[in-house]
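The values are calculated or read from the model by the stated rules, or taken from the named source; none is laboratory data. Since the structure is predicted, the reported quantities are computational estimates derived from the model, not experimental observations. Don't worry about glycine lacking a Cβ; one is built from the backbone with ideal geometry, like all the others, and counts go over all protein chains shown. The protein model used for the area step is the full one, side chains on, heavy atoms only, and it has no ligands, DNA or RNA in it. Shrake-Rupley method; radii C 1.70, N 1.55, O 1.52, S 1.80 Å.
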Amino acid sequence: MELLEKVVLAGILFVGTSALGAFEQGKLEQGKIEQGKTEQGRQASKVIINCQAADEFKKAVEFFRAENGISLNDRQSFREALTISAGCDHAFSRFFKVFQLLKKSGVDLNQSYNIALKFASKDDAKAELFADFFKKIYLENYLNMDFSTALKYALLLSENEESDAEKLMKDFSQLVRFCTSEQEMALSLSVCAQVALDLTQHVQYYPEGIFSSFEKIYRFLRSQKQTGLSIPKALQIATQILAKGPQAPENFIKTFQFAIESQSLNLSPTQALNLGLSVAEQSQKSQELK
Amino acid sequence: MKADACRTLALTYLLITGLPVAASATAATESVGKSMTQVEVQWQAEPDAESYQIEVQTKAGRAVKKFTSKQALFRFRAKPGRYQIRAQTKTSEGRLGLWTDWVDVNVPPKRVDSQSIERKIEAVAQGDTLLAPVPLAWTSSGAATRYQVNIIDGLGKMVTSFVSDKSEALLQLPPGTYSVEIVSIAEDGLRSKPTKLENYIHIAAATLPTPSVRSQLDISGQLKALDFDSKPGLQYMVRTEHCLLLSDEWKVIASQPLTAASWSPPANLAPGKYRVGFWSEAPGWQNSALQHWEFLVKPKLADLN
């Protein structure tokens, strides 16, 4: 069988103006291969990858013959195997890793297959991230979320631009625990998982992780009795600030305190809050590479 | 055949009501009036006999009456009790034959009139006792001082048998169809024929009450077994179903009767969703409402690596 060659036009990925935008752009279509880690302002190039597709195809066909739970005739299994081998090198390994993980977790085989198939066309890191996130979100000794929530967030987190999976998972876990803690925010697990996911979209800006910055700005907002911010409002503003990078919390706090002090601007709490947000918005600036 | 004063009549009688046949005489009893029974005595006619003398006395020897009959058949009315009868021939010359031996004649009390009892009894068993109260009443029968009541189930098995000194009784019966037999008993112990009421009582099969669960099944964290209050006569059942994640196809993996008032799921269940159904059942009853518990079995980290 001839080797498949894939031409990837990764295009130009700009990260920085919108972390969510980068997240969306980071999703590669099936059959395409991401070329290294994109960095701010760096232009990706057109790359040709040589694939040992025959090996991937053979492994896939053998898998379909051995896996009794998935009943496919030869023609169907060839077609499915071709879909897997289109993922280029290690495609079967990625597929199989995710399939086995879900199967051993008690997931319906057809559903396991459909989910695992998506990872055949992604890179190894994403399959690893998914497997790691799924275990740590789902299993009892970790976050112990229900299956659907764990699957959803493992899939979403595996798409995160942050390459340091340990850091990402640590942030996600700490955010969920802080958010659900009775002594802190006491919000529901589903709300907290979404909050943690939203915040971890910006984690690549925070070399030490985003949780400590979140905790700092959240506690500051809640401690300002003049503003009287509720938990949801404080959470919303904290998220808004953190999206502007690691300098944003400091910029916000400094501006707020400067604005509200009677010896300085002596603004009302609401005015001070809005001014702080405006300055925090200026915590990042995109710059053209020369 | 000439009349012979020394000759003894062959006095025979039969109780056509079904009481034991005496060896040498025939007597028939037939209820007449409210408390009197007609007794018919027969014997083999003697050609030379112009008439027959009959004597009736109580079992205790107290004379009741003397009769003369022209035929070898004689009827008299008697209250229920134990009697003795004897007879002798009398020729046209007035010569008397020998008395026969005393023959015992038992006149039983009248049996209960089945028409006096309600046509059918329909009842529904109660959930708390699993029994239905069944009031049974009948018209008292003449000289009867007691009644034996037999309750027989649909398989012909005696369920209960008791003696009541009243013409009523309150039964407690589980669901099913029952026949009733009532036998009148006179003071001296004589018993009437039974009054049989076939398929007289029908107790509807009601739904069993929902079992009282003391401790809900909970496998999150520390396992808490399903504990319930067990009632005698009930069978408690547990059905375990398994469903793979992202699927709605439940498969029964076990359905078993419980031998204790507690149940825990087996260890080492495969990962997936589980649904446990719990109910009680008993013959003749509709199963209690199903109680459900669902739980998720997650894999261990070591199983996924």
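Here are the numbers for this structure:
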quantity: Unmet requirement for B:Gly94, which otherwise passes all of (1) within 48 Å of the chain's Cα centre (by Cα); (2) farther than 30 Å from B:Thr145 by Cβ; (3) loosely packed, with under 15 Cβ neighbours inside 10 Å; calculated: (1)
quantity: Yes/no for B:Tyr52 being under 31 Å from the mean Cα position of the chain (by Cα) and assigned to a strand (DSSP E or B); calculated: no
quantity: Residue match in the range A:61-78 (condition: part of a helix (DSSP H, G or I) and within 17 Å of A:Lys122 (Cβ to Cβ)); calculated: no
quantity: Hits in the range B:146-182 (condition: out of contact with any Pro (no Cβ under 8 Å at 6 or more places or on another chain), open to solvent by 20 Å² or more (accessible area, probe 1.4 Å) and over 28 Å from B:Pro283 (Cβ atoms)); calculated: B:Arg146, B:Val163, B:Asp165, B:Lys166, B:Ser167
quantity: Listing of helices (runs of 4 or more DSSP H) fully contained in the range A:177-290 that carry 1 or more residues being without any contact (Cβ under 8 Å) to a residue 40 or more places away in the chain, over 27 Å from A:Ser158 (Cα atoms) and open to solvent by less than 60 Å² (accessible area, probe 1.4 Å); calculated: A:211-223, A:231-242, A:248-260, A:269-280
quantity: Which listed residue, of A:Asp164, A:Asp171, is more than 14 Å from every other protein chain (Cβ to nearest Cβ), of a type in the set (D, E, K, R), under 22 Å from A:Glu208 (Cβ atoms) and crowded, with 23+ Cβ neighbours inside 10 Å; calculated: A:Asp171
quantity: Subset of the range B:112-145 [open to solvent by 50 Å² or more (accessible area, probe 1.4 Å), more than 30 Å from B:Gln286 (Cα to Cα) and assigned to a loop (DSSP other than H, G, I, E, B)]; calculated: B:Asp113, B:Thr139, B:Ser140
quantity: Residue count, the range A:83-140 (criterion: open to solvent by less than 30 Å² (accessible area, probe 1.4 Å), among the polar types (S, T, N, Q) and more than 9 Å from chain B (Cβ to nearest Cβ)); calculated: 2
quantity: Selection status of B:Ile185, open to solvent by less than 20 Å² (accessible area, probe 1.4 Å), out of contact with any Lys or Arg (no Cβ under 7 Å at 6 or more places or on another chain), touching a residue at least 40 places away in the same chain (Cβ under 8 Å) and not aromatic (Phe, Trp, Tyr); calculated: no
quantity: Residue satisfying all of: in the range A:141-156; open to solvent by less than 60 Å² (accessible area, probe 1.4 Å) and not in a loop (DSSP other than H, G, I, E, B); nearest to B:Leu223 (Cα to Cα) among these; calculated: A:Phe147
quantity: Top-ranked residue of the range B:178-194 - restricted to ones that are outside any loop (DSSP other than H, G, I, E, B) and within 11 Å of the chain's Cα centre (by Cα), ranked as nearest to B:Val238 (Cα to Cα); calculated: B:Tyr178
quantity: Members of the range B:266-286 found to be closer than 20 Å to B:Gln235 by Cβ and modelled with pLDDT of 90 or more, listed by number; calculated: B:Val276, B:Gly277, B:Phe278, B:Trp279, B:Ser280, B:Glu281
quantity: Among residues of the range A:79-113, those that are in contact (Cβ under 8 Å) with a residue 60 or more places away in the chain and not in a helix (DSSP H, G or I), counted; calculated: 2
quantity: Residues that are closer than 30 Å to B:Lys298 by Cα, away from every other protein chain (no Cβ under 14 Å) and not charged (D, E, K, R), drawn from the range A:62-80; calculated: A:Phe63, A:Phe64, A:Ala66, A:Asn68, A:Ser71, A:Leu72
quantity: Which numbered condition A:Glu159 misses (of (1) in a helix (DSSP H, G or I); (2) more than 14 Å from every other protein chain (Cβ to nearest Cβ); (3) not basic (Lys, Arg)); calculated: (1)
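Residues are listed down the side, and each one gets a yes or a no for (1) small (Gly, Ala, Ser); (2) modelled with pLDDT under 90; (3) over 19 Å from A:His202 (Cβ atoms):
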| residue | (1), (2), (3) |
| --- | --- |
| A:Phe96 | no, no, yes |
| A:Leu117 | no, no, yes |
| A:Asp123 | no, yes, yes |
| A:Phe130 | no, no, yes |
| A:Tyr142 | no, yes, yes |
| A:Ser158 | yes, yes, no |
